[in-house]
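Report on the following structure.
The values are calculated or read from the model by the stated rules, or taken from the named source; none is laboratory data. A quick note: this is a predicted structure, and the numbers were derived from the prediction, not measured. FYI the Cβ positions are ideal-geometry reconstructions off the backbone, even for glycines, and counts take in every protein chain you see.
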Amino acid sequence: MKCIHACIYMLNKGMTLISLCMKLKWKLNESNFTWLDRLKLCKFFLNKNNFWTMSNYVAEYETAMKQYVGVKHAVYVSSGSAANTLLAMYLKDNCKNKGIVVLPSTTWITSVAPFIREGFKPVFIDIELHDLSMSLIDLEEYLKYNNRDVAAVFVTSLLGFSPNIVKLKEIELKYEVRVMLDNCESTFSTYNNKNISSYFTSTTSTYFGHLTQSVEGGFIFTNNDEEYEYFLMARNHGMTRSLVNSKKYENPDVDSRFDFNILGNNLRNTNINAYIGLLDFKRINQYSNKRVGLYKEFYKRVNNSNLMLWNIGQIQNYIDVPFSIPILFVSTELRDTFQRYCNENGIENRPIVSGNILRQTCLKQYFTQHFNNSDTLHYNGLYIGLHSKVKLKDIEQVTAFLNSLK
C-alpha cells in the first residue's frame, strides 16, 4: 500500500509540475536551439582538440558579426553589460577633462551603472514616446551650454526601435561630442540598408533572451583602430599580448607575456559560447523576417484608442526588428487589467524596461527633475514576448482582448 501511495503522490506531483509548465503558453522568449544543434555541441565537447576558453571560435564569431553589421572591428565579450563597461573604461582613460555622460531616462541599469562606477556624472534626458529613444530636442538644448564637459552621449535603441540616426550624426558633428549606441535589444535593425550599430561605436547583447543567442555574450562594434586595440587589451586584463602588433605598447622593463599596459579586467568570453552563437547566427535572417511579420500581424489587429502600439513601417528607410511587443495604455488601471489577463492566461510580461529609471532605489539621488514620458511608460506601459515561435492564434486571442478594453 505504501508503494501505491508513493506512486500516486509522485504522479500527482508530476501532474502539478506538468500543469505549471503548460500554463506559461506565451513566453518572453524561447530557445532557438534544435536537437541537431545540441548534437553538434556534444561533438564540440567530445573533440579533444577544441579549446573551451577564448580561442578560434571567438575569432570566427567576431568575423561573422562584424561582416553582418558592416564595421571594421567586433570584440566579443562576456555580456552586453561587459561591453558597456568597456566603453565606460575607455571614456575614463581617454576623456580626462570631460566628466559627464548623457543618458536616457528609460534604459537598462547596466547602461548607466558602468559610467557612474567609472566616476562620470550622469545627466539624464527624457525620452520621446514615438521611438522610445532619448529626446533629441532636449539633448540639443542641454548640449548648447554643456557640450565641452560631455565625454559621450550614450543612446539606447529600446526594444528594437531605432533612434533618429541622421539627427544623431548631425548633433555629433555640430556639438563635437561622442555619440555611442546601446543596441543590445536592436541587433538586427537597419537604416538605409545599414545596421544601425555601424553608425557609431556600439554595443549589443547575445544573451539567451535577446534576438540572437549565445547563452551569455555581447559585442562592441567600432571602426576606430585605437578603440579596438584598447578594447582588446581591456578585455584581457590589460595585456599587450592581446594585440597582433603589440610593439607600439611594449614595456622593456617587463616580460612581454605579462605586459599590462592599461588597468584592464577579465571580460573575455569562451569558445563554448562563441560556438553556440555561431550555430544560431546562421538563422538570423529567418528570425528577423519572422519577428517583423508577427509584429505586423499583431499591430494590424489592434483597434483601440485606449492604447498605443508602435508602427515599425512608418519611418522611411528604417527597418526595425522588434525585441518585444510594447503596449502603452491610456491609464494605469487598463494596464493592470491587461496584466491580470496575461497572468491568468500564461502570457509572460514585463514593465517597459526600467520605466523611469530615476525611480529605482540605486539612482534616486539623481532624481532632480521630472521626466513625463518616462513616467508615462513607468505607470502605463507593459510588454509581452516576440519571438519566432509565437503562434498566430495566440495573437488573435490577445488582440481581441485588447480591443475589448474600455
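General observations
- The condition of being closer than 23 Å to PHE323 by Cβ and without any contact (Cβ under 8 Å) to a residue 40 or more places away in the chain holds for LEU136.
- When the range 162-187 is filtered for residues that are at pLDDT below 95 and either over 20 Å from the mean Cα position of the chain (by Cα) or not polar (S, T, N, Q) (or both), the ones remaining, listed by number, are CYS184, GLU185.
- Among the residues of the range 341-374, the ones that are buried (at least 19 other Cβ atoms within 10 Å of the Cβ), within 17 Å of the chain's Cα centre (by Cα) and either among the charged types (D, E, K, R) or farther than 27 Å from THR399 by Cβ (or both) come to 1 in all.
- Some residue of the range 219-230 being outside any loop (DSSP other than H, G, I, E, B), crowded, with 18+ Cβ neighbours inside 10 Å, over 22 Å from the mean Cα position of the chain (by Cα) and not β-branched (Val, Ile, Thr): yes
- Options LEU181, LEU168, LEU173, LEU103; residue that is over 20 Å from PHE367 (Cα atoms) and buried (at least 24 other Cβ atoms within 10 Å of the Cβ): LEU181
- Residue within the range 186-204 that is under 22 Å from ILE315 (Cα atoms), of a type in the set (Phe, Trp, Tyr) and in a strand (DSSP E or B) present: yes
- Selection status of LEU278, in contact with a helix residue (DSSP H, G or I) (Cβ under 7 Å, 6 or more places away or on another chain) and part of a helix (DSSP H, G or I): yes
- The single condition among (1) touching a residue at least 60 places away in the same chain (Cβ under 8 Å); (2) more than 13 Å from LEU278 (Cα to Cα); (3) of a type in the set (A, V, I, L, M, F, W, C) that LEU36 does not satisfy is (1).
- The set of residues in the range 283-299 that are at pLDDT 95 or above and under 14 Å from PHE33 (Cα atoms) is empty.
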